[in-house]
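A.B. asks: One structure follows; several queries about it will come next.
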Amino acid sequence: METSPIQLAVHSHLLSYGSTESTKLVPASSGNRGKIVCSPRKLELEDMNFSGIGRNNDQEAPRRAHRLKALSGSRISLVPSAKRVPTYLFRTAIGGQVKVFVEKTNGKYKVLVEVLPLELSDAHSELVMVWGLFRSDASCFMPLDLNRRGADGKSSTVETPFVQGPSGKVTVELDFEVSLVPFYISFYMKSQLVSDMENSEIRSHRNTNFVVPVGLSSGHPAPLGISFQPDGYVNFALYSRSAKGVVLCLYDDISVEKPSLEIDLDPYINRSGDIWHAALDCSLPFKTYGYRFKAATSGKGELVLLDPYAKVIRSVIPRQGGSEIRPKYLGELCLEPGYDWSGDVPPSLPMEKLIIYRINVTHFTKDKSSKLPDNLAGTFSGISEKWHHLKDLGVNAMLLEPIFPFDEQKGPYYPWHFFSPGNMYGPSGDPLSVIKTMKDMVKKLHANGIEVFLEVVFTHTAEDAPLMNVDNFSYCIKGGQDLNIQNALNCNCPIVQQMILDCLRHWVIEFHIDGFVFVNASSLLRGFNGEILSRPPLVEAIAFDLILSKVKMIADNWNPLTNDSTENLFPHWRRWAEINMRFCDDIRDFLRGEGLLSNLATRLCGSGDIFAGGRGPAFSFNYIARNSGLTLVDLVSFSNSEVASELSWNCGQEGATTNSIVLERRLKQVRNFLFILFISLGVPVLNMGDECGQSSGGSPAYDARKSLDWNTLKTGFGTQIAQFISFLSNLRMRRSDLLQKRNFLKEENIQWHGSDQSPPKWDDPSSKFLAMTLKADAEVSHTLLSDIGGDLFVAFNGAGDSESVILPPPPTDMVWYRLVDTALPFPGFFDEKGTPVEDELVAYEMKSHSCVLFEAQRLTEIDSSK
């Protein structure tokens, strides 16, 4: 058959839902085999061959493209074969069956159409197949021979007679060049012996054309996202119940405004239940992909949306004057790069041993004071370069603020996507290098005994996130109290629950993440209509998931939408820890001279009112300041009406001051906050910048936070606070028998005191003094005392006056050593070895707003230290 130049015109009005513009999708010449170019001008293609006996059938029609009922409505079964050749089985309107085999051999695609001879009557002998090709619009066939067009410009279809073989099978065989795929072949059959056109045509049992994909198989519904198959195909799978149709959009150049190729997925071939799927030949040169939706619940059908399961995503650079329908991100058509994890051993620290430091990846090293090159500052590589700062503080776990791609206007707590890190955290913005540098960071931190936790937000997305337009009905909560946002995720819907579980597993398997903090965790308890569930399926599923069984799970009830916390009874299955909001509030209250002593005592002992019943103090993640609200230094510097909810105290003067008395009081309060945080049972959580007095100017807003100024670590304040944190970290580890307990203290291990050794005034709101003796277990005292010390005596004075404290008698053959007094000047306010208390001294004067710590040590230890 003679080769003709061919133009493949695919009108996009079905894909753009109303647009009449045409897009020319033209395979390149044989020199660039398989490349498909998107161009608005008329292009030509050479070397396309159709093998088999055929003839053209020029049909009369108006100049506008004739709308053929080509998209098959028949039920199609995928029949497995020994050679894994895709086979499609159709039922015909006259009760027969048609099989279609599609096979790639010798660089060509062979399509074999077979009609069972038993189903053919004499009236329907002499069959011909009338067929055409299309990609994204079933009503617009690709013109097959420009030289044989009718006078009206109508594109033609092809008639190919069936041939009866020796076995009695009636078949048509067609060959297509690889450069043409992917496309659909649409056909029906007619008999040349029947003069009545209506009775001569044979279509499917739904009276539609038979439609078969070539170079684009039906694919599989699992796994969601893209997956590369052994047969050389890449599988696409996407969940959308509400979509009336899905268009796969493929790009070979992300700088262009529109996709290079769009393929309308056939709901009868490419849909199983609510999952749309297809498989594409990997040899095609496309680089990125997205989806367009004909959705029942979204009016944004023009948008090309990111696959919610895309593992590697590329940012699309906006172009000035570009279309509003231009996508923000596209999925990469590539495997997630392999990584050499050899030698990586996660620290797997017991929860009670953790000391956590919260970091914003960008703010940690973005400032020029970090002295890092521009390509490393503010990236995962920047953390890898500065990991020693964490070790200097004595922390052993790093908590990263959300690293997902996010809404730049609102910040990282409004995510766009869940399965990949944001491209801004890599040295060049390249997604593959971002992934590699994050893995490098995790591996280096693990090698130095530091675990890596992620803050994750699964309760809502950015307002224009792709997920909301993929299937708004399934993914979003539809109502309920206090849900005045359009982007609240329906976390306990089965498909959303599965997505969250898949996401967590992905971060654990691919990135070796050690734990997750779930922001706005109270919303994880909501049902379909916003109601609170007593046994939320997602929370339970996470608790018992095998892959996640070694990973720490922490619920954080802070809500970034309202910048406050919601207190509720969180179902934990003895698996979930929680960020302890009550600890923060009660310690702030005590140090500003309010609250009851009983509240302070409860927090010091691990918050048994929250974590009793199967958990313990190790499940309490304690904090004083966090990345929203006032910073630690601002807590002691601002207390105006605008920050009343922060429970802060300015120590006598608002804002910046040169008053030495106020400054001294503020310094003591900062020390007090840190001391109580570390001496309390539970897991201490530090916030980036609090070790060097970073201020947000008294603003509690998240976006008021600044990048870490590394020069402030060298100031007098930064030096002493960083050293104090390091001392407290070492103290917790050295006295883990009393300060890092997984279970609550026994009654015989703790004794409470007033200033004169009388019982504390628990119910007196004016009483601001509390002391306690933590008693080492007898077995520990006998066997390990020489290494870790004896009892601890701790006292807290939240009043504005000094207190004369009567120390309890030390254990036999031991004396008290003072390790901490927050009222003393630096460097004497803490001492690793301690200062012994003279024998004749029975009382110790505590200054106002101060804390003290004494440790019992043996006389022999004192003698050897002199």
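The values are calculated or read from the model by the stated rules, or taken from the named source; none is laboratory data. In this text the structure is predicted, and so the values were computed from the model without any measurement. Heads up, the Cβs are rebuilt from the backbone with ideal geometry, glycines too, and the neighbour counts pull from every protein chain shown. Heavy atoms of the whole protein, side chains included, go into the accessibility calculation; ligands, DNA and RNA do not. Shrake-Rupley method; radii C 1.70, N 1.55, O 1.52, S 1.80 Å.
A.B. asks: Please give the net charge around ARG358, taking every other residue with its beta carbon less than 12 angstrom from that of ARG358, where Lys and Arg add +1 and Asp and Glu add -1.
C.D. replies: Values: positive: ARG626, ARG705; negative: GLU401, GLU455, ASP556, ASP690, GLU691.
Its environment carries a net charge of -3.
A.B. asks: Charges at C-beta only: +1 for Lys and Arg, -1 for Asp and Glu. How large is the resulting dipole of the range 155-246 about its Cα centre, in Debye rounded to 20? Could you put the intermediate results ahead of the total?
C.D. replies: Details: 6 positive and 8 negative charges, 97 e Å.
Computed about the Cα centre, the dipole is about 460 debye.
A.B. asks: Right, next: Considering amide H positions built from the backbone, and no H for Pro or chain starts, which residues 5 or more places from THR87, or on another chain, come under 5 Å of its amide H?
C.D. replies: VAL79
A.B. asks: While we're here: Within a Cβ distance under 14 Å of GLY225, other residues only, what is the Lys/Arg minus Asp/Glu net charge?
C.D. replies: Here the charged neighbours net out to -3.
A.B. asks: Within 10 Å, count the other beta carbons around each residue, average over each peptide in 603-610, 704-711, 159-166, and list them highest first.
C.D. replies: Working: 603-610: 21.9, 704-711: 18.0, 159-166: 14.1.
Highest to lowest by the protection proxy: 603-610, 704-711, 159-166.
A.B. asks: Also, I was wondering about something else. Quickly rank 168-179, 387-398 as a protection proxy: mean count of other C-beta atoms within 10 Å, highest first. Could you put the intermediate results ahead of the total?
C.D. replies: On the way: 168-179: 17.6, 387-398: 19.2.
Per-residue mean Cβ counts within 10 Å order the peptides as 387-398, 168-179.
A.B. asks: Another one. Determine the share of the range 411-501's accessible area contributed by carbon and sulfur atoms, expressed in whole percent, with a 1.4 angstrom probe. Please list the in-between numbers first.
C.D. replies: On the way: 1290 of 2600 Å².
On the range 411-501, the fraction of accessible area on carbon and sulfur atoms equals 50 percent.
A.B. asks: While we're looking at this one, here's another question. Tell me which of HIS512, LEU597, ASN580 sits at the most positive position along the dipole axis of the range 503-614, charges placed on C-beta atoms (Lys, Arg +1; Asp, Glu -1).
C.D. replies: HIS512
A.B. asks: Using a 1.4 angstrom probe on the protein heavy atoms only, line up PHE826, PHE364, PHE528, PHE638 by accessible area, largest first. Each step should come with its number before you reach the end.
C.D. replies: Values: PHE826 75, PHE364 0, PHE528 105, PHE638 35 Å².
Ranked list, largest accessible area first: PHE528, PHE826, PHE638, PHE364.
A.B. asks: Sticking with this structure for a sec: By how many nm would the segment from GLU642 to ILE806 grow when fully extended, if each residue of separation counts as 0.36 nm and the alpha-carbon distance is taken off?
C.D. replies: On the way: separation 164, 0.36 × 164 = 59.04 nm, distance 4.12 nm.
That works out to 54.9 nm of additional length.
A.B. asks: Okay, next question. Kindly sort TRP573, TRP341 by accessible area of their heavy atoms, largest first, with the probe set to 1.4 Å. Let's see the in-between values first.
C.D. replies: Numbers: TRP573 70, TRP341 45 Å².
Final ranking, largest accessible area leading: TRP573, TRP341.
A.B. asks: Next up: Using packing as a proxy for protection, rank 489-500, 556-567, 750-761 so that the peptide with the highest average count of other Cβ atoms within 10 Å comes first.
C.D. replies: Numbers: 489-500: 20.2, 556-567: 17.4, 750-761: 15.6.
Answer by packing, highest mean first, reads 489-500, 556-567, 750-761.
A.B. asks: Ok, one more. Rounded to the nearest 10 Å², what accessible area does LYS311 show when all protein chains are kept and the probe is 1.4 Å?
C.D. replies: The value for LYS311 is about 60 Å².
A.B. asks: Cα centroids of the range 550-619 and the range 199-261: how far apart, whole angstrom?
C.D. replies: After rounding, the separation between the Cα centres reads 50 Å.
A.B. asks: How much accessible area per residue does the range 235-285 have, counting only protein heavy atoms and a probe of 1.4 Å, in square angstrom? Mind dumping the intermediate values first?
C.D. replies: On the way: 1370 Å² over 51 residues.
About 27 Å² of surface per residue is accessible.
A.B. asks: Using the Cα centre as the reference, give the magnitude of the dipole from point charges on the C-beta atoms of the range 171-298 (Lys, Arg: +1; Asp, Glu: -1; all else neutral), rounded to the nearest 20 debye. All intermediate terms of the calculation are to be shown ahead of the outcome.
C.D. replies: Working: 10 positive and 15 negative charges, 124 e Å.
Here the range 171-298 has a charge dipole of around 600 debye.
A.B. asks: Now for a separate question. Give the separation of the Cα centroids, the range 622-670 to the range 700-751, in Å.
C.D. replies: 18 Å
A.B. asks: Report the FRET efficiency, 1/(1 + (r/R0)^6), for ASP374 and HIS205, where r is their Cβ-Cβ distance and R0 is 60 Å, rounded to 0.05. Display every interim value, and only then the final one.
C.D. replies: Working: r = 65 Å, r/R0 = 1.09.
The value I calculate is 0.35.
A.B. asks: On to the next question. Please calculate how many Å² of accessible area the range 452-571 carries per residue, with a 1.4 Å probe and no DNA, RNA or ligand atoms counted. Each step should come with its number before you reach the end.
C.D. replies: Numbers: 4320 Å² over 120 residues.
Per-residue value: 36 Å².
A.B. asks: Quick one: with all protein chains in place, what share of the accessible area of the range 223-306 is carbon or sulfur, to the nearest percent (1.4 Å probe)?
C.D. replies: 55 percent
A.B. asks: Going toward the positive end of the dipole of the range 160-279, with +1 on Lys and Arg Cβ and -1 on Asp and Glu Cβ, which of VAL172, GLY273, LEU261 do you reach last?
C.D. replies: GLY273
A.B. asks: Same structure again: Place a +1 charge on the Cβ of each Lys and Arg in the range 449-547 and a -1 charge on the Cβ of each Asp and Glu, then give the dipole magnitude about the Cα centre in debye, rounded to the nearest 20. Numbers along the way, then the final one.
C.D. replies: Values: 4 positive and 12 negative charges, 62 e Å.
Roughly 300 debye for the range 449-547.
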